[in-house]
Amino acid sequence: MIYKNLLFTICVLSVILFGASCAREASRSEFALGTLCSITLFEQGHDKVYDDVFARIREIDNRMSVHVPSSDINRVNAASGIEAVQVHEDVFAVILRALHYAKLSGGAFDPAVGPLVSLWGIGGSSPRVPSQAEIDKTLPLVDWRYVELDEKTRSVLLARRGMALDLGAIAKGYAADEAAAIIKSAGIQRAIINLGGNIVTFGERKEGGLWRVGVQTPNGERDKYIGILQITQKSVVTSGVYERFFEEENRRYHHIFFPSGGYPADSGLLSVTIIAPRSIDADALSTAVFVMGYERGSALIEGLEETEAVFIFSDFSVRKTSGANFSLTDKNFRLE
């Protein structure tokens, strides 16, 4: 569960989808959460709001990233199998939500996937295919059921020595929601939040109506999209096989793991896009549903309120849940 890269290029596609260039609007971009984060505040944006939003994003990153040595997550991981660690309320809330989706998905989403992420090294400088013996040794450490929370003390215990949390598949969603809360409290009516592919649309387009968001083609080409989602006051997040991967002996290994199997998930899907009211939920669900596959994943989404999905399959067919406002534009794909 590594931070997902830019899967939805709203700013780049704005000329096509919005009818106006992002360059005409006040916006700011900074690197945080392991990716480029861009905020566009329409009409009423000013420096203090941008400052507050990015300060909050950096605060979340510093508390939840495995790449920040002093983060709460690294303190919890260092104490695995030894003792519980008190964490900030932000971190506790995100872990609690992550465990909710771990249970809901039957472990397809697992915040305790850290040992597998480290073993494979996908997204790092030296990715590799580990031996089956290494995977077998690691798998007992990947189990969300051994993450113990104490709400009274706000502490986290990883029950087995060597366990490790990785919140990369949910922390950006939380940060996007927090950014939206700051923007709303500032009285801004229209905004777009893009935290490396975690999109939140706020308000309506200047000319009125829904925002139009392009769903990226799964062949990895930047700025190319296969269809358009129309949304407002929603978050959009995609998980796909084409963002972080390496190839060995003509086989591609991507970064979305099947937690109980130890290998990258092979569900017949190239990508899953989730549309939901909160970005933290869309973030976790995009990973969970990708691992679960279409049958189980679509059943899960259909049972959730105000939540929709678009599935792109390896045979270039596309399916969507019943309420998804999605239109296909690329003739190389077919909507079923």
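The values are calculated or read from the model by the stated rules, or taken from the named source; none is laboratory data. Not measured: the values here are computed from a predicted model. Virtual Cβ from ideal backbone geometry, glycine too; neighbours counted across all protein chains shown.
What to note about this one:
- GLY81 vs. criteria modelled with pLDDT under 95 and at positive phi: no
- Per the listing VAL156, VAL200, the residue uniquely part of a strand (DSSP E or B), touching a Lys or Arg at 6+ places or on another chain (Cβ under 8 Å) and at pLDDT 95 or above is VAL200.
- LYS48 satisfies every condition listed in (1) more than 18 Å from the chain's Cα centre (by Cα); (2) not in a helix (DSSP H, G or I) except (2).
- The range 278-336, residues that are of a type in the set (S, T, N, Q) and without any contact (Cβ under 8 Å) to a residue 12 or more places away in the chain: none
- Among the residues of the range 179-197, those identified as assigned to a loop (DSSP other than H, G, I, E, B) and in contact with a Leu (Cβ under 7 Å, 6 or more places away or on another chain) are ILE188, GLY196, GLY197.
- Qualifying positions in the range 264-312 - surrounded by fewer than 24 Cβ atoms within 10 Å (Cβ to Cβ) and either touching a Leu at 6+ places or on another chain (Cβ under 6 Å) or among the basic types (Lys, Arg) (or both): ARG278, ARG296
- The condition (being of a type in the set (Gly, Ala, Ser) and part of a strand (DSSP E or B)) is satisfied by just one residue among SER267, SER322, SER271: SER271.
- Just one of the listed residues (GLY107, GLY124) is under 20 Å from the mean Cα position of the chain (by Cα), farther than 22 Å from LEU285 by Cα and not aromatic (Phe, Trp, Tyr), and it is GLY124.
- Single residue of LEU33, LEU41, LEU13 found to be crowded, with 19+ Cβ neighbours inside 10 Å, at pLDDT below 95 and on the phi > 0 side of the Ramachandran plot: LEU33
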